[in-house]
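Below is one structure, written out as structure tokens, with a few remarks after it.
Where a number appears in this text, it was derived from the coordinates with a stated rule and is not lab data. From a predicted model like this one, the values you see are computed outputs, not experimental measurements. Quick reminder, even Gly has a Cβ in these numbers, built from the backbone with ideal geometry, and neighbours come from all protein chains shown.
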């Protein structure tokens with residue numbers, strides 16, 4: 001099958017979306033599909049070869065087309081600059097030709113409004129139920145890949161036929177976790193003695209991800225229990241350090257993907273502190289870190305929200321009341337006192353990770369594209 005993945009996103013990027021997009025393309029290519037990733041040519045930001053940056057096999061081709069880069073030039077996220085960059089990319093896309101049998105895939109509904117509709121598929125990560133343009137995009141596409149059951153439920157409520165929707169959670173590459181050692185000495189780089197307990201969060205510090213809840217909880221834990229939050233960039237990193245850093249709370253910048261398996265496997269507790277205040281976190285999310293935590297085989301403490309309950313259960317994780325630092329600190333303390341229970345649940349989560357691989361996700365989505373595309 002011929003698949004063209006189109007995104008206006010800046011790739012490579014320290015944000016998780018860049019890896020998710022390119023990893024899906026890699027797995028499609030490994031399966032024998034002819035895959036082309038179309039990106040905007042960006043003047044600013046990371047200029048690394050994306051295959052090297054993400055440690056991917058060169059199983060797909062990349063086509064970069066002309067686009068402006070007002071956001072990169074100004075380091076701004078203003079709507080005006082976003083609109084200008086998107087418009088320039090859309091204009092350039094009009095010069096791209098697609099074969100009639102090519103499946104066109106994107107995770108941006110604004111692009112879905114302009115791309116050829118004959119064999120168009122949209123991956124949806126959150127639902128803009130009141131957005132006219134979003135609803136119009138849903139009507140143009142041949143099929144929709146929902147990142148979670150929560151997203152599917154809301155799409156159906158908007159009138160989208162269930163047979164038009166495929167649920168495909170994010171995934172994990174198991175090989176790096178199988179190969180990575182658990183090495184307690186890694187904590188010395190954060191100023192933590194290897195003999196002390198480490199509670200780890202690996203991800204960005206957006207408000208809806210709930211990292212602030214963990215940072216506050218970390219200060220409530222005993223002085224010999226160290227909370228490490230890894231993944232902040234730019235202003236969010238600076239602001240978190242100023243607000244939350246303490247003798248046993250360590251705020252660290254983004255690390256390369258190659259280092260993540262060792263960090264996760266070397267911790268005592270891994271935390272998913274998703275906030276319940278935002279719909280995307282409460283009901284829609286399918287965090288990459290969730291499946292990587294599971295593959296690490298380390299005890300998971302997660303906020304009790306529907307999006308995480310889709311994958312985790314009492315057999316595979318410990319839950320705390322979302323947005324409640326006291327509850328989180330109490331559960332972490334309990335986990336550290338119950339090593340046998342923690343190990344048992346971690347092992348069950350590790351086994352379950354086998355059902356959430358990137359290879360499996362790519363195969364399921366490709367089958368969906370082929371089935372709906374053949375109806376054209």
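Odds and ends about this structure:
- Qualifying residue in segment 247-256 (condition: under 19 Å from residue 216 (Cα atoms), touching a residue at least 60 places away in the same chain (Cβ under 8 Å) and touching a strand residue (DSSP E or B) at 6+ places or on another chain (Cβ under 9 Å)): yes
- Flag if residue 275 is in contact (Cβ under 8 Å) with a residue 12 or more places away in the chain and crowded, with 24+ Cβ neighbours inside 10 Å: no
- Matching residues in segment 158-214 - criterion: being more than 25 Å from residue 339 (Cβ to Cβ), outside any helix (DSSP H, G or I) and without any contact (Cβ under 8 Å) to a residue 24 or more places away in the chain: 159, 160, 161, 165, 167
- Residue check, residue 60 more than 15 Å from residue 8 (Cβ to Cβ) and without any contact (Cβ under 8 Å) to a residue 60 or more places away in the chain: yes
- When segment 21-41 is filtered for residues that are part of a loop (DSSP other than H, G, I, E, B) and surrounded by 19 or more Cβ atoms within 10 Å (Cβ to Cβ), only 33 remains.
- Taken over segment 154-175, residues that are under 30 Å from residue 350 (Cβ atoms) and in contact with a strand residue (DSSP E or B) (Cβ under 9 Å, 6 or more places away or on another chain) amount to 8.
- Looking only at segment 318-358, and only at residues there that are in a loop (DSSP other than H, G, I, E, B) and touching a residue at least 40 places away in the same chain (Cβ under 8 Å), the one that is nearest to residue 302 (Cα to Cα): 322
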